[in-house]
């Protein structure tokens, strides 16, 4: 089981690192998954994520208080809104956009109601 958690942590960490270079891909959510998986497989790797000077504070804030930075909330809601607008502009069937919008609204409400850093 430890190997499975380690593999998942490494995959999430890799996607998080990729997110540093790709502007449309988030970094911190993948680091949250990596820290969670490493907690079950490699405390040393988890500690390295938590102690990282740039990405450690938001990961710790989420783990300790469920808190998300105000700017991260704004960007997330804007990105979800842009995704819905893009789907409408591309002519995606309205029922698909409606499902997408419902999911994005639910995620946005959850995110905005979290404490801010």
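Bear in mind that the values in this text are calculations on the coordinates, not laboratory data. Everything numeric here is computed off the predicted structure, so don't read it as measured data. Cβ placement follows ideal geometry from the backbone for every residue including glycine, while neighbour counts extend to all protein chains displayed.
Ordered by the count of other Cβ atoms within 10 Å of each Cβ, fewest first, 94, 52 give 94, 52. The angle between the Cα long axis of helix 94-112 and the main principal axis of the chain comes to about 50°, on a 0 to 90 degree scale. So, R0 is 41 Å and r is the distance between the beta-carbons of residue 114 and residue 44; what FRET efficiency does that work out to, to 0.05? According to the calculation, E is roughly 0.90.
When Rg and Dmax are taken over the Cα atoms of the range 70-112, they come to 10.7, 33 Å.
At an R0 of 41 angstrom, the distance between the Cβ atoms of residue 102 and residue 52 translates into a FRET efficiency of 0.70. If R0 is 30 Å, what FRET efficiency do you get for residue 70 and residue 5 from their C-beta distance, rounded to 0.05? Given R0 = 30 Å and the Cβ-Cβ separation, E is 0.40. Reducing the range 55-92 and the range 12-40 to their Cα centroids gives an inter-centroid distance of 14 Å. Between residue 95 and residue 21, the contour length at 0.36 nm per residue exceeds the Cα-Cα span by 23.3 nm.
Taken over the chain, the alpha-carbon convex hull comes to 119 cubic angstrom per residue.
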